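Let me begin by presenting the structure, written as C-alpha cells, before commenting on it.
The values are calculated or read from the model by the stated rules, or taken from the named source; none is laboratory data. The shown structure was predicted, so the numbers you read here are calculated from the model rather than taken from an experiment. Positions of Cβ are generated from backbone atoms using ideal geometry, with glycine treated the same way; all protein chains shown enter the neighbour counts.
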Amino acid sequence: MTGLQAELEAAFRKLPIAPPDDGRIPYEWVIPGIGRQLALMKPVDRKVASPDATKRKLVALKKHARILCEDMSAMALLPLKLRILIVEIAHAEDPKLPPPAGRGAPQKSQVTQVARTVAEHFYGLTGTRPTRITPPGGGKAHGLFLEFLATTYRILGIKASAENQAKAAINFVREKYPKD
C-alpha cells in the first residue's frame, strides 16, 4: 500500500461510519478499495506534447517499424509477439489527432470525477447525503462533506475549488440516489 492510499484510507476512516443495515456487508470494508481508486485518480504532472509533435513521433515510429520489417534477418531474431507488434505498427493508419481545443478554460473532468466519487463513497459510508452549509447572511460555506472533499483534494494534490465541485457532486448524488 502506498503512503497516498494509506492517507486516503485514514481520512475515510475518520468519517462517522453508519452501521450496516439489512444484513449487508459493511460499507466500511470497501475503504481499502476507495483508497486505491482515488490514488489512481491523482493528477500526473507531466508536460503534454503538442498534437503536431505527437503526430511526428508516431509517424517516425511507423517509419522505423517499416524499416525493421524489411530487415528479415533482424526480424527472425525477435520473439513472435514482438514481430507481430512491429508489423502492426508498420501497417497502421497514419494517426488522426483531434482538432485543437477551442477557446475558454480547460474542462476539469478529472476534478469532477474525484468529487463525484468522494460524494458517493461519503454517502455509502456515513448513510447521510453529502451537503454543504451556507450561512444565512452570506459568507463561506462549510460542512463535513465540503471539508472532507477539501482534505481529499489536498491529499491528491488537486488544485481546484472544493466548494464549487462540492455543489456539483451534491447535485450528482441527489439525482443518482433520489429519496425513497
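If you go through the stretch 1-60 and keep only what is under 20 Å from ALA160 (Cβ atoms), touching a helix residue (DSSP H, G or I) at 6+ places or on another chain (Cβ under 9 Å) and in a loop (DSSP other than H, G, I, E, B), you end up with MET41, LYS42, PRO43, VAL48. Cβ separations smaller than 9 Å between residues 6+ apart or across chains give the following pairs from the stretch 66-88 residues that are assigned to a loop (DSSP other than H, G, I, E, B) to residues that are at pLDDT 85 or above: LEU78/LEU68; LEU78/ILE86.
Mind checking which residues of the stretch 6-38 are among the β-branched types (Val, Ile, Thr) and surrounded by 10 or more Cβ atoms within 10 Å (Cβ to Cβ)?
ILE17, VAL30, ILE31, ILE34
Of the residues PHE148, PHE172, only one is aromatic (Phe, Trp, Tyr) and farther than 20 Å from GLU9 by Cα; which?
PHE172 is the lone residue from the list that is aromatic (Phe, Trp, Tyr) and farther than 20 Å from GLU9 by Cα.
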